[in-house]
Amino acid sequence: MPTAQRLVSSRPADVFTQAFPLGNGSLGALPFGGIGCERVLLNEAGCWSGSPQEADRGEAVTVLPEIRRLLLAGEHHAAEALVEAHFTCAGVGSGQGQGADTPFGCYQMLGELTLTWPSVTEATAYHRELDLDGAVSTSGFTAGGAQWSRESFTSHPDQVLALRLTGPAGRVVLAVDGLQPDVGHEVLWVVRDVLSGAVLLARSLLSGTREDLAPLLAQVRDAASFYAKF
(Lines give C-alpha, C1' and ligand atoms only; values in the text may rest on other atoms or scores of the structure.)
Protein backbone atom coordinates (compact mmCIF):
# COMPACT_ATOMS: atom_id res chain seq x y z
CA MET A 1 0.00 0.00 0.00
CA PRO A 2 1.51 3.39 -0.96
CA THR A 3 2.41 5.80 1.83
CA ALA A 4 0.00 8.73 2.23
CA GLN A 5 1.44 12.10 1.20
CA ARG A 6 1.25 14.69 3.98
CA LEU A 7 2.57 18.09 4.96
CA VAL A 8 3.24 18.11 8.71
CA SER A 9 4.02 20.79 11.29
CA SER A 10 4.48 20.75 15.05
CA ARG A 11 3.28 24.33 15.59
CA PRO A 12 0.56 26.70 14.38
CA ALA A 13 1.26 28.92 11.39
CA ASP A 14 2.56 32.40 12.20
CA VAL A 15 2.14 33.86 8.69
CA PHE A 16 -0.03 32.88 5.73
CA THR A 17 2.85 31.23 3.87
CA GLN A 18 3.07 28.65 6.68
CA ALA A 19 -0.65 27.79 6.60
CA PHE A 20 -1.77 24.74 4.62
CA PRO A 21 -3.91 25.83 1.63
CA LEU A 22 -7.29 24.39 0.70
CA GLY A 23 -9.31 25.12 -2.43
CA ASN A 24 -11.74 23.78 -5.02
CA GLY A 25 -11.20 26.23 -7.87
CA SER A 26 -13.59 28.89 -6.58
CA LEU A 27 -13.51 28.71 -2.77
CA GLY A 28 -10.22 28.78 -0.88
CA ALA A 29 -9.05 28.80 2.73
CA LEU A 30 -5.85 29.04 4.74
CA PRO A 31 -6.40 27.67 8.28
CA PHE A 32 -3.56 28.64 10.60
CA GLY A 33 -4.21 25.89 13.15
CA GLY A 34 -4.10 28.17 16.19
CA ILE A 35 -4.68 26.99 19.75
CA GLY A 36 -6.75 29.60 21.58
CA CYS A 37 -7.51 31.43 18.36
CA GLU A 38 -8.14 29.78 14.99
CA ARG A 39 -7.55 32.11 12.06
CA VAL A 40 -8.81 31.21 8.57
CA LEU A 41 -8.13 33.40 5.54
CA LEU A 42 -10.97 33.10 3.00
CA ASN A 43 -10.98 33.44 -0.79
CA GLU A 44 -13.78 33.33 -3.37
CA ALA A 45 -13.20 33.56 -7.11
CA GLY A 46 -15.72 36.35 -7.68
CA CYS A 47 -14.07 38.72 -5.20
CA TRP A 48 -12.50 41.28 -7.54
CA SER A 49 -12.03 45.03 -7.24
CA GLY A 50 -12.29 47.53 -10.06
CA SER A 51 -15.05 49.15 -12.06
CA PRO A 52 -16.42 49.21 -15.63
CA GLN A 53 -14.13 50.62 -18.29
CA GLU A 54 -14.34 51.15 -22.05
CA ALA A 55 -11.39 49.11 -23.26
CA ASP A 56 -12.52 47.92 -26.72
CA ARG A 57 -10.80 49.08 -29.90
CA GLY A 58 -13.46 49.09 -32.63
CA GLU A 59 -10.95 49.44 -35.44
CA ALA A 60 -8.91 46.37 -34.44
CA VAL A 61 -10.68 44.06 -36.90
CA THR A 62 -9.72 46.27 -39.83
CA VAL A 63 -5.98 45.64 -39.36
CA LEU A 64 -6.30 41.90 -38.78
CA PRO A 65 -5.79 40.98 -42.48
CA GLU A 66 -2.55 42.98 -42.57
CA ILE A 67 -1.30 41.31 -39.37
CA ARG A 68 -1.96 37.90 -40.92
CA ARG A 69 -0.19 38.89 -44.14
CA LEU A 70 2.88 40.07 -42.23
CA LEU A 71 3.02 36.89 -40.18
CA LEU A 72 2.79 34.69 -43.28
CA ALA A 73 5.54 36.77 -44.88
CA GLY A 74 7.78 36.24 -41.86
CA GLU A 75 7.71 39.91 -40.87
CA HIS A 76 7.07 39.18 -37.22
CA HIS A 77 8.32 42.47 -35.79
CA ALA A 78 6.03 44.49 -38.05
CA ALA A 79 3.07 42.25 -37.16
CA GLU A 80 3.84 42.64 -33.47
CA ALA A 81 3.92 46.43 -33.81
CA LEU A 82 0.44 46.41 -35.34
CA VAL A 83 -0.85 44.12 -32.55
CA GLU A 84 0.56 46.48 -29.92
CA ALA A 85 -1.00 49.48 -31.63
CA HIS A 86 -4.46 48.06 -32.35
CA PHE A 87 -5.11 44.89 -30.30
CA THR A 88 -4.27 46.05 -26.77
CA CYS A 89 -6.84 47.62 -24.43
CA ALA A 90 -7.85 51.19 -24.97
CA GLY A 91 -6.99 53.39 -22.00
CA VAL A 92 -4.84 52.12 -19.14
CA GLY A 93 -6.02 48.50 -19.42
CA SER A 94 -4.55 46.34 -16.65
CA GLY A 95 -2.06 49.06 -15.72
CA GLN A 96 1.00 47.02 -16.68
CA GLY A 97 0.64 44.86 -13.58
CA GLN A 98 -0.72 47.68 -11.42
CA GLY A 99 -4.39 46.80 -11.87
CA ALA A 100 -5.27 47.54 -8.25
CA ASP A 101 -4.84 51.25 -9.02
CA THR A 102 -6.91 51.22 -12.24
CA PRO A 103 -10.51 50.39 -13.22
CA PHE A 104 -9.20 46.94 -14.26
CA GLY A 105 -8.97 45.96 -10.58
CA CYS A 106 -7.29 42.98 -8.96
CA TYR A 107 -8.08 39.86 -6.95
CA GLN A 108 -9.22 40.48 -3.37
CA MET A 109 -9.23 38.36 -0.23
CA LEU A 110 -12.83 37.53 0.76
CA GLY A 111 -12.12 38.06 4.43
CA GLU A 112 -10.74 36.55 7.59
CA LEU A 113 -12.62 34.26 9.98
CA THR A 114 -11.37 34.28 13.57
CA LEU A 115 -12.63 31.80 16.19
CA THR A 116 -11.47 32.30 19.78
CA TRP A 117 -11.44 30.20 22.96
CA PRO A 118 -10.20 32.53 25.74
CA SER A 119 -9.83 29.69 28.24
CA VAL A 120 -7.48 27.69 25.98
CA THR A 121 -4.07 29.28 26.47
CA GLU A 122 -1.57 26.41 26.59
CA ALA A 123 -1.39 23.10 24.76
CA THR A 124 0.75 19.99 24.49
CA ALA A 125 1.08 17.23 21.88
CA TYR A 126 0.32 19.70 19.10
CA HIS A 127 0.08 18.34 15.56
CA ARG A 128 -0.94 19.98 12.28
CA GLU A 129 -1.07 18.39 8.85
CA LEU A 130 -2.47 18.54 5.33
CA ASP A 131 -3.42 15.20 3.79
CA LEU A 132 -2.51 15.70 0.12
CA ASP A 133 -4.48 12.63 -0.98
CA GLY A 134 -7.71 13.53 0.82
CA ALA A 135 -7.21 17.34 0.72
CA VAL A 136 -8.13 17.62 4.42
CA SER A 137 -6.35 19.95 6.82
CA THR A 138 -6.30 18.89 10.49
CA SER A 139 -4.81 20.16 13.71
CA GLY A 140 -5.03 18.71 17.20
CA PHE A 141 -3.66 19.18 20.67
CA THR A 142 -4.26 18.56 24.38
CA ALA A 143 -5.42 21.46 26.55
CA GLY A 144 -6.91 21.39 30.03
CA GLY A 145 -6.65 17.61 30.07
CA ALA A 146 -8.92 17.29 27.01
CA GLN A 147 -8.38 16.56 23.33
CA TRP A 148 -9.15 19.26 20.77
CA SER A 149 -9.23 18.83 17.00
CA ARG A 150 -10.07 20.91 13.94
CA GLU A 151 -10.70 19.64 10.43
CA SER A 152 -11.36 21.60 7.25
CA PHE A 153 -11.80 20.86 3.57
CA THR A 154 -13.34 22.21 0.38
CA SER A 155 -15.61 20.24 -1.93
CA HIS A 156 -15.77 20.94 -5.66
CA PRO A 157 -19.01 18.99 -6.40
CA ASP A 158 -20.87 20.65 -3.51
CA GLN A 159 -19.08 24.02 -3.70
CA VAL A 160 -18.64 23.96 0.08
CA LEU A 161 -15.94 25.09 2.46
CA ALA A 162 -16.46 23.23 5.76
CA LEU A 163 -14.79 23.47 9.16
CA ARG A 164 -15.37 20.93 11.94
CA LEU A 165 -14.20 21.97 15.41
CA THR A 166 -14.25 19.32 18.16
CA GLY A 167 -13.86 20.16 21.84
CA PRO A 168 -13.62 18.16 25.08
CA ALA A 169 -15.25 14.71 25.19
CA GLY A 170 -15.42 14.69 21.39
CA ARG A 171 -18.24 17.22 21.21
CA VAL A 172 -18.42 19.06 17.90
CA VAL A 173 -18.81 22.66 18.88
CA LEU A 174 -19.15 24.43 15.56
CA ALA A 175 -19.20 24.05 11.78
CA VAL A 176 -18.95 26.84 9.20
CA ASP A 177 -20.00 26.22 5.59
CA GLY A 178 -19.58 28.53 2.59
CA LEU A 179 -22.18 27.67 -0.04
CA GLN A 180 -21.99 29.10 -3.57
CA PRO A 181 -25.31 28.93 -5.47
CA ASP A 182 -25.38 28.14 -9.19
CA VAL A 183 -26.39 31.66 -10.21
CA GLY A 184 -23.91 34.52 -9.97
CA HIS A 185 -21.26 34.80 -7.30
CA GLU A 186 -23.44 35.11 -4.20
CA VAL A 187 -22.03 33.12 -1.28
CA LEU A 188 -24.20 31.94 1.59
CA TRP A 189 -22.29 31.54 4.85
CA VAL A 190 -23.85 29.23 7.43
CA VAL A 191 -22.74 28.73 11.03
CA ARG A 192 -24.38 25.68 12.58
CA ASP A 193 -24.26 23.34 15.55
CA VAL A 194 -23.38 19.97 14.05
CA LEU A 195 -24.84 17.94 16.90
CA SER A 196 -28.31 19.44 16.72
CA GLY A 197 -28.20 20.61 13.12
CA ALA A 198 -29.46 24.00 14.23
CA VAL A 199 -28.40 26.90 12.00
CA LEU A 200 -26.97 29.60 14.22
CA LEU A 201 -26.30 32.17 11.51
CA ALA A 202 -26.89 32.37 7.75
CA ARG A 203 -25.99 35.38 5.65
CA SER A 204 -25.62 35.91 1.90
CA LEU A 205 -22.84 37.92 0.34
CA LEU A 206 -23.88 39.87 -2.75
CA SER A 207 -20.55 41.54 -3.51
CA GLY A 208 -16.95 41.59 -2.37
CA THR A 209 -16.69 45.23 -1.29
CA ARG A 210 -15.14 46.04 2.06
CA GLU A 211 -18.38 47.70 3.15
CA ASP A 212 -20.39 44.50 2.51
CA LEU A 213 -17.80 42.16 4.01
CA ALA A 214 -17.22 43.98 7.29
CA PRO A 215 -20.69 43.46 8.88
CA LEU A 216 -20.93 39.89 7.55
CA LEU A 217 -17.59 38.83 9.03
CA ALA A 218 -18.40 40.64 12.28
CA GLN A 219 -21.63 38.63 12.60
CA VAL A 220 -19.85 35.36 11.84
CA ARG A 221 -17.12 36.18 14.36
CA ASP A 222 -19.63 37.10 17.09
CA ALA A 223 -21.72 33.97 16.50
CA ALA A 224 -18.66 31.74 16.43
CA SER A 225 -17.22 33.23 19.61
CA PHE A 226 -20.53 32.90 21.43
CA TYR A 227 -21.40 29.33 20.49
CA ALA A 228 -17.86 28.02 20.85
CA LYS A 229 -18.16 28.56 24.61
CA PHE A 230 -20.79 25.82 24.95
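Are any of the residues in segment 38-47 among the basic types (Lys, Arg) and assigned by TED's automatic domain parsing to the domain that holds residue 141?
Looking only at segment 38-47, we keep the residues that are among the basic types (Lys, Arg), and these are 39.
Next cut, assigned by TED's automatic domain parsing to the domain that holds residue 141 only: 39.
Checked segment 38-47: at least one residue is among the basic types (Lys, Arg) and assigned by TED's automatic domain parsing to the domain that holds residue 141.
Among the listed residues 135, 146, 55, which satisfies the condition of being hydrophobic (A, V, I, L, M, F, W, C) and on the phi > 0 side of the Ramachandran plot? Walk me through how you get there before you give the answer.
Numbers: 146 fails: on the phi > 0 side of the Ramachandran plot; 55 fails: on the phi > 0 side of the Ramachandran plot.
Answer to the check: 135.
For residues that are without any contact (Cβ under 8 Å) to a residue 24 or more places away in the chain and out of contact with any Lys or Arg (no Cβ under 8 Å at 6 or more places or on another chain), scanning just segment 150-166, find the one that is farthest from residue 38 (Cα to Cα). First the steps, then the outcome.
Of the residues in segment 150-166, the ones without any contact (Cβ under 8 Å) to a residue 24 or more places away in the chain are 151, 157-158, 162, 166.
Then keep just the ones that are out of contact with any Lys or Arg (no Cβ under 8 Å at 6 or more places or on another chain); that gives 157-158, 162.
Details: 157: 26, 158: 24, 162: 14 Å.
Checking each candidate, the answer is 157.
Return the residues of segment 152-167 that are over 15 Å from residue 19 (Cβ atoms) and out of contact with any Gly (no Cβ under 7 Å at 6 or more places or on another chain); say none if nothing qualifies. I'd like the intermediate steps shown before the answer.
The initial filter retains those residues of segment 152-167 that are over 15 Å from residue 19 (Cβ atoms), namely 155-160, 162, 164-167.
155, 157, 158, 159, 162, 164, 165, 166, 167, listed by residue number.
Which condition number in (1) under 34 Å from the mean Cα position of the chain (by Cα); (2) modelled with pLDDT under 95; (3) on the phi < 0 side of the Ramachandran plot is the one that residue 93 fails?
Result: residue 93 passes all but (3).
Only residues that are among the polar types (S, T, N, Q) and crowded, with 19+ Cβ neighbours inside 10 Å: list them for segment 20-37, please. Explain how you work it out, then say what you get.
From segment 20-37, those among the polar types (S, T, N, Q) are 24, 26; that's our starting set.
Correct list: 24 only.
Are any residues in segment 92-113 of a type outside the set (Gly, Ala, Ser), farther than 17 Å from residue 23 by Cβ and surrounded by 16 or more Cβ atoms within 10 Å (Cβ to Cβ), and if so, which ones?
Step one: list which residues in segment 92-113 are of a type outside the set (Gly, Ala, Ser), which gives 92, 96, 98, 101-104, 106-110, 112-113.
Then drop every residue that is not farther than 17 Å from residue 23 by Cβ, which leaves 92, 96, 98, 101-104, 106.
Of everything in segment 92-113, those that are of a type outside the set (Gly, Ala, Ser), farther than 17 Å from residue 23 by Cβ and surrounded by 16 or more Cβ atoms within 10 Å (Cβ to Cβ) turn out to be 102, 103, 104.
Regarding segment 125-137, can at least one residue be identified that is of a type in the set (S, T, N, Q), in a loop (DSSP other than H, G, I, E, B) and either touching a residue at least 24 places away in the same chain (Cβ under 8 Å) or touching a helix residue (DSSP H, G or I) at 6+ places or on another chain (Cβ under 9 Å) (or both)? Walk me through it before giving the result.
Taking segment 125-137 as the starting set, the residues that turn out to be of a type in the set (S, T, N, Q) are 137.
Now restrict to residues that are in a loop (DSSP other than H, G, I, E, B): none.
No, segment 125-137 has no match at all.
Any residue in segment 79-93 that is assigned to a loop (DSSP other than H, G, I, E, B) and acidic (Asp, Glu)?
In the first step, residues of segment 79-93 are kept if they are assigned to a loop (DSSP other than H, G, I, E, B); the result is 87-93.
Cutting the leftovers down to acidic (Asp, Glu) gives us none.
No, segment 79-93 contains no residue that is assigned to a loop (DSSP other than H, G, I, E, B) and acidic (Asp, Glu).
Any residue at all in segment 1-19 that's under 17 Å from residue 154 (Cα atoms), surrounded by 12 or more Cβ atoms within 10 Å (Cβ to Cβ) and touching a Gly at 6+ places or on another chain (Cβ under 8 Å)?
yes
The values are calculated or read from the model by the stated rules, or taken from the named source; none is laboratory data. This one's a predicted model, so the numbers in the text were calculated from it and none came from an experiment. Virtual Cβ from ideal backbone geometry, glycine too; neighbours counted across all protein chains shown.
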